[in-house]
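Asks: Dropping the structure in here first, questions after.
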Amino acid sequence: MSELIEGAVSSRPDPVGGPTVVIVIGAEALHPDAVASVPDGAVVMAADSGLDHARAAGLTPTVLIGDLDSVSAEGLAWAEGNSSIERHPVDKDATDTELALRHAVGLDPSRIVLMSGGGDRIDHTLAALGALGEVVLTSVPVLEAWWGRQRVRVVQGPGRARVAVVPRSTVSLLALHGPCTGVSLAGTQWPLDHADLEPMSGLGVSNVAVDDMVEVSVTTGVVSLFWQVGS
């Protein structure tokens, strides 16, 4: 069972090992706090219209992936001269986000960050966060989503993670990908000790950090820790 510490500090270096891969997806403009937290030397990828949001935020994707049905004509023209393009048919069985994540795994990363400005499509949000629980990602030590000012740390069992948070801030723990066993949560007002979590159970919602570090572990299943940074 590995142990990794993640926080929200700007210009963080990559963890030991492979690169950090940041995958920008569509919906809304990226939050400045998230953009400022992209580590130096990170590999930036875009899923379809995520390219437009990445470029608008000053990020330069090296890879564009998807069916390219929503990226702007100007963005696609830029990509054709400045990045590699992995085009997929519109009639496909995987989302652009899933395709981008599978491509990222091939880079042997130490960390994958799925970045979005947010959006009002709940189905897209759930599908994107759900993709971080794919078995193919078990080799990646750190799996995160940055959704506006929200942060999500996905832990696949058996695994453990420690996350830097603001004391007295709200943190939530959810089993988004199915039932989990052996779930422990420390550093919060209401800790858990080897609990079982049912899918989408409210047991771990709206907890409170009592220190500047929260630790979560899970024996089987996939748990997601939510917290917020910036202002």
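The values are calculated or read from the model by the stated rules, or taken from the named source; none is laboratory data. In this text the structure is predicted, and so the values were computed from the model without any measurement. Glycine gets a Cβ as well: all are built from the backbone with ideal geometry, and neighbour counts include every protein chain shown.
Asks: Contact list please: Cβ distance under 9 Å, first residue in segment 15-41 and under 19 Å from THR125 (Cα atoms) and touching a residue at least 24 places away in the same chain (Cβ under 8 Å), second residue aromatic (Phe, Trp, Tyr) and buried (at least 21 other Cβ atoms within 10 Å of the Cβ), pairs at least six apart or on different chains.
Replies: VAL22/TRP146; LEU30/TRP146; HIS31/TRP146; HIS31/TRP147; ALA34/TRP146; ALA34/TRP147
Asks: Considering only segment 179-188, state which residues are of a type outside the set (A, V, I, L, M) and either assigned to a strand (DSSP E or B) or at pLDDT below 95 (or both).
Replies: If the condition is that a residue be of a type outside the set (A, V, I, L, M) and either assigned to a strand (DSSP E or B) or at pLDDT below 95 (or both), then CYS180, THR181, GLY182, SER184, THR188 are the ones that fit.
Residues checked against (1) touching a Pro at 6+ places or on another chain (Cβ under 7 Å); (2) among the hydrophobic types (A, V, I, L, M, F, W, C):
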site	(1), (2)
GLY133	no, no
VAL142	yes, yes
THR181	no, no
LEU192	no, yes
PHE226	no, yes
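Asks: Here is a further query. Can you find, within segment 85-114, the residue that is surrounded by the fewest Cβ atoms within 10 Å (Cβ to Cβ) among those that are among the β-branched types (Val, Ile, Thr) and within 15 Å of the chain's Cα centre (by Cα)?
Replies: So the residue we want is VAL105.
Asks: Which condition from (1) touching a residue at least 24 places away in the same chain (Cβ under 8 Å); (2) buried (at least 18 other Cβ atoms within 10 Å of the Cβ); (3) not assigned by TED's automatic domain parsing to the domain that holds ASP93 is the one that LEU192 breaks?
Replies: Against the list (1) touching a residue at least 24 places away in the same chain (Cβ under 8 Å); (2) buried (at least 18 other Cβ atoms within 10 Å of the Cβ); (3) not assigned by TED's automatic domain parsing to the domain that holds ASP93, LEU192 comes up short only on (1).
Asks: Same structure, new question: Of the residues that sit in segment 123-156 and are within 18 Å of SER70 (Cβ to Cβ) and over 9 Å from the mean Cα position of the chain (by Cα), which one is surrounded by the fewest Cβ atoms within 10 Å (Cβ to Cβ)?
Replies: Here the residue is ASP123.
Asks: For segment 200-231, name all the residues that are modelled with pLDDT of 95 or more and over 17 Å from PRO167 (Cα atoms).
Replies: SER217, VAL218, THR219, THR220, GLY221, VAL222, VAL223, SER224
Asks: Of (1) out of contact with any Lys or Arg (no Cβ under 7 Å at 6 or more places or on another chain); (2) under 21 Å from VAL218 (Cα atoms), VAL136 satisfies all except one. Which?
Replies: (1)
Asks: Next question, about the same structure. Considering only segment 61-75, how many residues are assigned to a helix (DSSP H, G or I) and within 20 Å of LEU101 (Cα to Cα)?
Replies: 0
Asks: Which residue pairs have Cβ atoms closer than 6 Å, lie 6 or more positions apart in sequence or on different chains, and pair a first residue in segment 112-125 that is assigned by TED's automatic domain parsing to the domain that holds ALA27 with a second residue that is assigned to a loop (DSSP other than H, G, I, E, B) and β-branched (Val, Ile, Thr)?
Replies: ILE112/VAL140; SER116/ILE25
Asks: Scanning for something assigned to a strand (DSSP E or B) and of a type in the set (S, T, N, Q), does segment 86-103 turn up at least one residue?
Replies: No: segment 86-103 contains no residue that is assigned to a strand (DSSP E or B) and of a type in the set (S, T, N, Q).
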